[in-house]
Structure formats: structure tokens, C-alpha cells
Amino acid sequence: MLERKVNPVGVAGRLAELRFVDARHGWALFDTCDPDDSDRTDCRLDLARTVDGGVTWQRTPLPGTANKPRPAGRYYLLPVDGRNLTVGVPDGYLVTTDGGASFSEHPREAPPEVTKLSVATRRGYLLQCPGSGKLIEIDCAEWELGRIGAATVPTQPPVTLSDEADKDLIDGGDGRIWVTIRNGGRLTVAVSDDDGATWRKLPAVAGAARLLVSPDGRDVWLINMSHDNFDISSTNRVWRLVGDRWQELTQLPPDTNSVGAVNGGLLVVTNPWGNVGYWTGDRYLDAPELRRLANGEHPPTVQVLSDDTIVVTTPTDTTLGTGPTQTRTWTRHLH
């Protein structure tokens, strides 16, 4: 496994956040102050960008961060791709659409379209509060499916998107849109094959908690993770969509703490000790290059990007797995 240090020339401060958008493009945010510092008079924010998978990084100074103090609070990255990025700051948004060559500033009450796209699906779908232009809503009794830049609101899925229920939206690589709602211990899935014009509801599954879809859209799963992944007697149930029916398969390994769907009919799973492997639906296949990436105190999390890149994150590193199915190249980026 390759190892690289994320340490661009000229940046100041510590690495506050690292986000990859695909196998080659990523953004890194550096801050000389702690997010909770009440006085940021002498603080400096730096941004860095890679276009070669982290082999090299190019520093990009952020506007107004060295000579204009910004308020205390969290600073975070909202990338769309290798050219379009929003840096969230406590008083608004800093936005680039040209890979960091220039930035525009926007108030928190009026996020631009590129910022909205950063929280939407790959084709611009999102669940939103009707009539609201805000990026984040916390007081919305009912939600609706919308699409950034669309002239009309899509036909709504046949589920009640209330604030009390858990809900999710996935835009599959094959063009299908998935909306889930979990209420009363049952997960209901609605799917559209025609950009939200029509919908069909799949059978509700008791005990399921989350929908997973592979980046190419071909493989669809339901999972229910135990809350105690250190208990070897715990159960992590998994179902796979076959036609329009859910088929329950052999359970995931009992110590699974994070899971994602990759192309090729596999789930990638991690455990609290940092081991990574694949689940085929009936057996576990270890990835020997990725053993003990972490300890039980800070379990790793796994994410699968739209180009099928696997991202395993711990507090000290971010590891990318690129390539087809199980024959991947792993690169560990040290924070």
C-alpha cells in the first residue's frame, strides 16, 4: 500500500478536512486556529487541490482569511467535483467554479446554485423544505423532492416525507432515483425510472434501516446495523433486491461498523479495529492490505464515491481504493 503525506508547500496550520470527489480529484482545508477559538484575528485558512490522486497538491489561498477576521465556528468543504467547490464559513459561503483560481462570497441566506449542488445528488436531486432557498433546514414539517435548476418540481414519490421519519435519497448511476422513508421500524422504498415522472413502491421491509445502491446502479441492498459492533452475538441483517422483491441473505460479519456498496455485486465493510473486506452476500473476503488501520477507540468509516472509489477514513488518515472490484490499488493519505 502506498503512503503519502498531505502537506502542500506553503500551507499554514493543521489539516482540518480532506475530501476526495473521485479517484483523482480532492480538496484539503488547513486552519491555523481551532474551530472553537473565539478570536480569529490572526487565523489563516488555506485550501489545497489535487488532480492526480494526491500525488501533488496545489495551495490556493482563500480570500479574506488573512486580513479580515472571520467569526468563530466551523469551516468545512462542500465539493461538487474537481473544479466546483464551496467552503462553508460561519457567515456564509466562499465559492469557486474554476478550481480555485477565483472565489465569490455569498451570504448564508442565499447560497448559489453550485453550493446547492454540493448537497444534492449527482444529477441535482435533493429533499428540501418547500419554498425555501436555504441550504440547511431544521424546522420543516414536510419535505419534498426537488431538482436544482429545474423549472418544475418533480412528481412526488408515494411516501410521506415527514420531519419525524428517517428519509434518504439516492440517484443511481443507471438513471433510477430512490427515496426511502423509515417509520415505525419499517423501511419503505420508492423508485422512479423516468426522472421522477412516475414512481412505484417496493414492499416495505421490517427491520431494515438503510438503502445502499452501487455506483453503477445495478446492485441494490438494504441493511440493518447493530448498535453494538463489539458484541459478536449482534446481528447485521442484509437484503438484496431481486426483481421487485427483497431477498434476505446471510448476515454481515457481526463486528461490522460501516458498510458501502461497490460495483460488481459486493459490499465493502469495515470493523472497529480497522480491517476492511468485501461481503459477497454469503461470505466475507478480507482485503489483507488494509488491516488494523485503526483501533476500537476510533473506528473507520467507509464511503463509495460515484466512480466506485472506496474511501476509508480514520482520524489520522484517508485511504483510497481505486480500480475494479477486488483488485484495487490502495493509497493511504496521512493527515
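The values are calculated or read from the model by the stated rules, or taken from the named source; none is laboratory data. Please read all numbers here as calculations on a predicted model, not as lab measurements. Backbone-built Cβ (ideal geometry, glycine too); neighbour counts: all protein chains shown.
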Of the conditions (1) buried (at least 19 other Cβ atoms within 10 Å of the Cβ); (2) among the aliphatic types (A, V, I, L, M); (3) in contact with an Asp or Glu (Cβ under 7 Å, 6 or more places away or on another chain); (4) without any contact (Cβ under 8 Å) to a residue 60 or more places away in the chain, the single one that V89 does not satisfy is (3)
Please work out if G54 is of a type outside the set (V, I, T) and part of a loop (DSSP other than H, G, I, E, B). yes
Residues of region 311-335 satisfying the condition of being free of Cβ contacts under 8 Å to residues at least 40 places away in the same chain, over 26 Å from G173 (Cβ atoms) and surrounded by fewer than 18 Cβ atoms within 10 Å (Cβ to Cβ): P315, T316
Residue list for region 211-232, restricted to those being modelled with pLDDT under 95 and not in a loop (DSSP other than H, G, I, E, B): N224
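For every residue, the table says whether it meets (1) closer than 24 Å to A204 by Cβ; (2) more than 19 Å from the chain's Cα centre (by Cα); (3) among the polar types (S, T, N, Q).
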position: V238; (1), (2), (3): yes, yes, no
position: V242; (1), (2), (3): yes, yes, no
position: D255; (1), (2), (3): no, yes, no
position: V269; (1), (2), (3): no, no, no
position: W273; (1), (2), (3): no, yes, no
position: D282; (1), (2), (3): no, yes, no
For residues that are over 18 Å from V304 (Cα atoms) and buried (at least 16 other Cβ atoms within 10 Å of the Cβ), tally how many sit in region 166-184. 5
Tabulated pairs, region 152-173, first without any contact (Cβ under 8 Å) to a residue 24 or more places away in the chain and of a type in the set (A, V, I, L, M, F, W, C), second in a strand (DSSP E or B) and exposed (fewer than 15 other Cβ atoms within 10 Å of the Cβ), C-beta under 6 angstrom, 6+ apart or interchain: none
Residues satisfying the stated conditions in region 21-33, i.e. within 24 Å of the chain's Cα centre (by Cα) and assigned to a loop (DSSP other than H, G, I, E, B): V21, D22, A23, R24, H25
Return the residues of region 302-335 that are within 21 Å of Y284 (Cα to Cα) and aliphatic (A, V, I, L, M); say none if nothing qualifies. V302, V304, I310, V311, V312, L320
Any residue at all in region 299-310 that's among the hydrophobic types (A, V, I, L, M, F, W, C), surrounded by fewer than 21 Cβ atoms within 10 Å (Cβ to Cβ), on the phi < 0 side of the Ramachandran plot and over 16 Å from the mean Cα position of the chain (by Cα)? no
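Yes/no matrix, rows are residues, columns are (1) at pLDDT 95 or above; (2) of a type in the set (V, I, T); (3) more than 19 Å from L211 (Cα to Cα); (4) part of a loop (DSSP other than H, G, I, E, B):
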residue: P130; (1), (2), (3), (4): no, no, yes, yes
residue: I138; (1), (2), (3), (4): no, yes, yes, yes
residue: G146; (1), (2), (3), (4): no, no, yes, no
residue: T152; (1), (2), (3), (4): no, yes, yes, yes
residue: T160; (1), (2), (3), (4): no, yes, no, yes
residue: G175; (1), (2), (3), (4): yes, no, no, yes
residue: T180; (1), (2), (3), (4): yes, yes, no, no
residue: V189; (1), (2), (3), (4): yes, yes, no, no
Complete set of residues in region 36-56 that are buried (at least 22 other Cβ atoms within 10 Å of the Cβ) and hydrophobic (A, V, I, L, M, F, W, C): L45, L47, A48
Take the conditions part of a strand (DSSP E or B) and either farther than 30 Å from P288 by Cβ or aromatic (F, W, Y) (or both) and apply them to A16. Does it pass? yes
Would you pick out the residues in region 269-318 that are modelled with pLDDT under 95, part of a loop (DSSP other than H, G, I, E, B) and within 24 Å of V242 (Cα to Cα)? T280, G281, D282, R283
Can you say whether T198 is β-branched (V, I, T) and surrounded by fewer than 16 Cβ atoms within 10 Å (Cβ to Cβ), as far as the supplied structure shows? yes
Name the one entry in R74, R83 that is assigned to a loop (DSSP other than H, G, I, E, B) and closer than 18 Å to P35 by Cα. R74
Odd one out for L252, checked against (1) modelled with pLDDT under 95; (2) in a strand (DSSP E or B): (2)
